[in-house]
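A short reminder: the numbers here are calculations on the coordinates, not readings from a lab. What you see is a predicted model; the values in this text were computed from it and never measured. Here the Cβ is made from the backbone with ideal geometry for all residues, glycine too, and neighbour counts use every protein chain on show.
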Amino acid sequence: MSSTRGIILVHSAPAALRPHIEWAVGAVFGAPVELHWSPQPAEPRSLRGELTWHGRIGTGAQLASALRGCARARFEVTEDASAGQEGMRWAYTPRLGIFAASIGVHGDIMVHEDRLKQAILADALGRQPLAEGVAELLGARWDAELEAFRQAGDGAPVRWLHQVG
């Protein structure tokens, strides 16, 4: 079994979503999970939670898909690069929806050549300035929206979870 690790960062979620988020994550791992939750100062009456995980390659995509069903949550899921596989990052906000990008071993977003060519072509045709196209490829709108929630969560503890099975 090829394995990897990653992290789930629930930046904000209404308290009522807490059990639904844990059920969604637990369904992916095949075992009940409990995230460590704390108040999210950037949004009244909401919580933030973290969970570091270890599992099969592709687990990050399953986690992002499962969490996307909790539409009022803001989250990020990462899956680290492993032998022969790029890493991945998913970010979700209720306003913007889902963003996915490949990440390298140092956590940088890796933009594939064809996507850059499309951004250059869009600029040449006057559809979108190149700087905006590159910002979109890097997920700049998601980063801007999530940054206040990231900063509010500094110093939160991290817990490890290993996939069952």
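Between ALA91, ALA100, ALA124, the GNM of the chain built on Cα springs shorter than 10 angstrom shows ALA124 fluctuating the most. Rounded to the nearest 20, the Cβ-based charge dipole of the chain about its Cα centre (Lys and Arg +1, Asp and Glu -1) stands at 480 debye. Computed over the alpha-carbon pairs of the range 34-86, the distance histogram in 10 Å steps reads 20, 47, 25, 8, 0 percent, short to long.
Go ahead and set up a Gaussian network model of the chain, Cα springs under 10 Å, then flag whichever of ARG68, ARG115, ARG150 fluctuates most. Highest fluctuation among the options: ARG115.
Within the chain, the ratio Rg/Rh, alpha carbon atoms throughout and Rh by Kirkwood, equals 1.00. Distant-in-sequence amide contacts of SER46, defined by a placed amide H-H separation under 5 Å and a gap of 5 or more residues or a different chain, comprise GLN40. With one equal scatterer per alpha carbon and no solvent term, the Debye-computed log10 I(q)/I(0) for the range 1-81 at 0.11 1/Å reads -0.26. Free of any GluC sites (Glu not before Pro) that DSSP assigns to a loop and that have at most 15 other C-beta atoms within 10 Å, the longest stretch within the chain is 87-165. Report, for the chain, the % of DSSP beta bridges that are antiparallel, rounded to 5. Here the share of antiparallel DSSP bridges comes out near 90 percent. So for the range 66-133, considering every pair of alpha-carbon atoms, how many percent are separated by more than 14 Å? Result: 66 percent of Cα pairs exceed 14 Å.
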